[in-house]
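> Let me begin by handing over the structure; questions about it come next.
The values are calculated or read from the model by the stated rules, or taken from the named source; none is laboratory data. Every value quoted in this text rests on a predicted model; they were computed, and no experiment measured them. Heads up, the Cβs are rebuilt from the backbone with ideal geometry, glycines too, and the neighbour counts pull from every protein chain shown.
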Amino acid sequence: MDKIRSSEITPEHLFVSRRKFLAGMGIAAAGAVVLSSCKGIAETTPVSSPTSSAVATPADKLTPIEDVTGYNNFYEFSLSKTEVAAVSQGFKTSPWTVAVGGLVNKPQTFGIEDLVKKFPPEERVYRLRCVEAWSMVIPWLGFPLGKLLAEVEPLSSAKYVRFETLYDTTQMPGQGFLVLDWPYVEGLRLDEARHNLTIMSTGLYGKSLLPQNGAPLRLVVPWKYGFKSIKSIVKIDLVADMPRTSWALAAPSEYGFYANVNPGVSHPRWSQSSERRIGESSRLPTLLFNGYGEDVSSLYKDLDLRKSF
Ligand SMILES: Nc1nc2c(c(=O)[nH]1)N[C@H]1C(S)=C(S)[C@@H](COP(=O)(O)O)O[C@H]1N2
Ligand SMILES: [Mo]
């Protein structure tokens, strides 16, 4: 991990809700939050072999697996990217169920093994652009979220999808940190959730996900900043109103609900016009919708792209 200089890293949370910080520390002055730490790799289990994807893959070089599995944002385990892997080692991902309900005809709870059997993983090579201005290229395994949503038959009143990560303070020490309200919550508009590029990932580089990448099941939305791609999901609800999502609640002036990658809209504390590609030496220009505009821009005809963030 020595390729990655900590001086280049701008943690998402360095601005932390003052209210929360004060509440947690019981003191009257707030500064930067102290980061914690650790490291290692968890065991893996085989997945059924992927079917090929109809989706075009980027020409970009794949990010080395060591970086994909060794440099992570997963605050439930650690605020230090290089320590998430070790702290999350041994995270229990079996048995695991995902309850899909809310405004649907057929609410159902799926076991993770049944999901993988029902929707054989396809390989999707996507760019992942973190809001902190670094990026990776990851060969995911997964299935379109739309297939899962079709199983539960959303009602016409359903307009959004709300996702929740596991809440288990015995396994996730970071859920004691006051950076976010736990469990981590994310959301999509229903048309975004049904878009073919939106997948539920169960693996990467041909293997099951490791805990640090969101095992056993995480969302991947390649045209949005990485924080939308919520990890270790246990609950999915179809809802009528825009969900209140974790980052948007913690710092509403910095993280919006849409969070579409947009080089033209700066983060209040840094530019989004370029990005550091992990494992590569030079910075790259950041692309509108992370380069997926041809596929997704039609979803945003009514959004003002000067402030879509
Ligand atoms: N539950 C949960 N999901 C999460 C996060 C998190 O802290 N908790 N971090 C997000 C952020 S900021 C990014 S950039 C991606 C990183 O995914 P990766 O570590 O698999 O590359 O996961 C996202 N999903
Ligand atoms: Mo991120």
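> Looking at L238, L219, L188 in this structure, which one is in a strand (DSSP E or B), of a type in the set (A, V, I, L, M) and within 13 Å of ligand 1 (Cβ to nearest atom)?
Values: L238 fails: within 13 Å of ligand 1 (Cβ to nearest atom); L188 fails: within 13 Å of ligand 1 (Cβ to nearest atom).
Checking each option against the conditions leaves just L219.
> Run F91 past the list (1) under 15 Å from the mean Cα position of the chain (by Cα); (2) not in a strand (DSSP E or B) and report the number of the one that doesn't hold.
The number of the failed condition is (1).
> Another question about this same structure. For region 262-277, does any single residue satisfy the condition of being of a type in the set (V, I, T) and within 13 Å of ligand 1 (Cβ to nearest atom)? Write out each step before concluding.
Our first condition is that a residue be of a type in the set (V, I, T); within region 262-277, this holds for 265.
Retained after the next criterion (residues that are within 13 Å of ligand 1 (Cβ to nearest atom)): none.
No, region 262-277 contains no residue that is of a type in the set (V, I, T) and within 13 Å of ligand 1 (Cβ to nearest atom).
> From the residues in region 176-185 that are assigned to a loop (DSSP other than H, G, I, E, B) and more than 17 Å from K231 (Cα to Cα), which one is farthest from ligand 1 (Cβ to nearest atom)? I'd like the intermediate steps shown before the answer.
Step one: list which residues in region 176-185 are assigned to a loop (DSSP other than H, G, I, E, B), which gives 177-184.
Adding the requirement that they be more than 17 Å from K231 (Cα to Cα) leaves 177-178.
Details: F177: 10, L178: 14 Å.
Filtering region 176-185 for residues that are assigned to a loop (DSSP other than H, G, I, E, B) and more than 17 Å from K231 (Cα to Cα), the one farthest from ligand 1 (Cβ to nearest atom) comes out as L178.
> To continue, here is another question. Just give me the residues in region 156-184 being within 16 Å of ligand 2 (Cβ to nearest atom) and over 17 Å from S88 (Cα atoms), in sequence order.
F163, V179, L180
> Report, by residue number, each residue of region 64-78 that is more than 12 Å from ligand 2 (Cβ to nearest atom) and either crowded, with 21+ Cβ neighbours inside 10 Å or of a type in the set (G, A, S) (or both). Give the steps one after another, and end with the answer.
First, pick out the residues of region 64-78 that are more than 12 Å from ligand 2 (Cβ to nearest atom): 64-70, 76-78.
The answer is V68, T69, G70, E76, F77, S78.
> Would you say T51 is at pLDDT below 95, closer than 26 Å to N290 by Cβ and of a type in the set (S, T, Y)?
Details: at pLDDT below 95: yes; closer than 26 Å to N290 by Cβ: yes; of a type in the set (S, T, Y): yes.
So T51 passes the test.
> In this structure, is S208 in contact (Cβ under 8 Å) with a residue 12 or more places away in the chain, among the small types (G, A, S), crowded, with 20+ Cβ neighbours inside 10 Å and within 16 Å of ligand 2 (Cβ to nearest atom)? Spell out how you get there, then give the answer.
Working: in contact (Cβ under 8 Å) with a residue 12 or more places away in the chain: yes; among the small types (G, A, S): yes; crowded, with 20+ Cβ neighbours inside 10 Å: yes; within 16 Å of ligand 2 (Cβ to nearest atom): no.
No; evaluated as a whole, the condition is false for this residue.
> Moving to a separate point now. Suppose we filter F227, F257 for residues that are within 14 Å of the chain's Cα centre (by Cα) and part of a helix (DSSP H, G or I); which single one remains? Break it down stepwise before answering.
Working: F257 fails: part of a helix (DSSP H, G or I).
Just a single option satisfies the conditions, and that option is F227.
> Can you tell me which residue in region 147-161 is surrounded by the fewest Cβ atoms within 10 Å (Cβ to Cβ), limited to those that are under 19 Å from D241 (Cα atoms) and among the small types (G, A, S)? Can you show your working first?
Step one: filter region 147-161 for residues under 19 Å from D241 (Cα atoms), giving 149, 152-161.
Now narrow it down to the ones that are among the small types (G, A, S): 156-158.
Numbers: S156: 6, S157: 10, A158: 19.
Once the filter is applied, the top-ranked residue is S156.
> Taking Q272 as the residue in question, decide whether it is surrounded by fewer than 20 Cβ atoms within 10 Å (Cβ to Cβ), within 15 Å of ligand 2 (Cβ to nearest atom) and either outside any loop (DSSP other than H, G, I, E, B) or in contact (Cβ under 8 Å) with a residue 24 or more places away in the chain (or both). Reasoning before the result, please.
On the way: surrounded by fewer than 20 Cβ atoms within 10 Å (Cβ to Cβ): yes; within 15 Å of ligand 2 (Cβ to nearest atom): yes; either outside any loop (DSSP other than H, G, I, E, B) or in contact (Cβ under 8 Å) with a residue 24 or more places away in the chain (or both): yes.
Taking the combined requirement at face value, the residue satisfies it.
> Which residue out of T245, T198 is crowded, with 19+ Cβ neighbours inside 10 Å and touching a helix residue (DSSP H, G or I) at 6+ places or on another chain (Cβ under 6 Å)? Step through it out loud before you land on a result.
On the way: T245 fails: touching a helix residue (DSSP H, G or I) at 6+ places or on another chain (Cβ under 6 Å).
Step by step, each of T245, T198 is checked, and only T198 is crowded, with 19+ Cβ neighbours inside 10 Å and touching a helix residue (DSSP H, G or I) at 6+ places or on another chain (Cβ under 6 Å).
> What pairs come out if I take residues in region 285-297 that are at positive phi and pair them with residues that are part of a helix (DSSP H, G or I) and of a type in the set (S, T, Y) whose C-beta lies under 7 Å away, six or more apart or interchain?
F289/S297
> Same structure again: Taking into account only those residues within region 220-269 that are away from ligand 2 (no atom under 16 Å from the Cβ) and among the acidic types (D, E), which is nearest to L115 (Cα to Cα)?
It comes out as D237.
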